[in-house]
Amino acid sequence: MLCENADPSVMRDMEAFMSAQVPDGDPKFTHTAEGPDDMAAHVRSVLTGSDLNIPVREGRCALGTWQGVYLWEHRYAPHERRVVVTVQGEA
């Protein structure tokens, strides 16, 4: 996701917000095959998205002054992930 990146408290606040909105172990979730954070992680992934378009200018990401790109894992246990980057445009 693309978010403010200058102050580390932003990510802590995002985590606190998501945890309050979609708590791990919520009894309304029945899908818990991989643990109590399983379904909550799926919901959070839907809310934060799984793709991102970033403009590139002169070979660099054209982000706002304070913006950064986060790969936010919504699970407690470490997982291996692959990131696919596709660049479109003129040479």
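No lab work stands behind these numbers, since they all come straight from the coordinates. What you see is a predicted model; the values in this text were computed from it and never measured.
Using each residue's phi in the stretch 17-31, evaluate 6.51 cos²θ - 1.76 cosθ + 1.60 at θ = phi - 60° and report the 3J(HN,Hα) Karplus result to the nearest Hz, with x for Gly and Pro.
Ordered by residue, 3J(HN,Hα) equals 5, 4, 5, 6, 6, 10, x, 5, x, 4, x, 6, 8, 9, 7 Hz.
Tell me, what is a quarter of the convex hull surface for the C-alpha atoms of the stretch 1-74, in nm² with one decimal? Walk me through the numbers before you get to the answer.
Working: hull surface 23.0 nm².
The Cα convex hull of the stretch 1-74, projected and averaged over all directions, gives 5.8 nm².
Helix 38-48 sits at what angle to the longest principal axis of the chain, using alpha carbons and giving 0 to 90 degrees rounded to 10?
Value to nearest ten degrees: 30.
Amide H neighbours of residue 67 under 5 Å, counting only residues 5+ apart in sequence or on other chains, H built in-plane at 1.01 Å?
It is 5, by chain and number.
Counting only residues 5 or more places away or on other chains, whose amide H sits under 5 Å from the amide H of residue 24 once H atoms are built in the peptide plane?
Placed amide hydrogens put nothing under 5 Å from residue 24.
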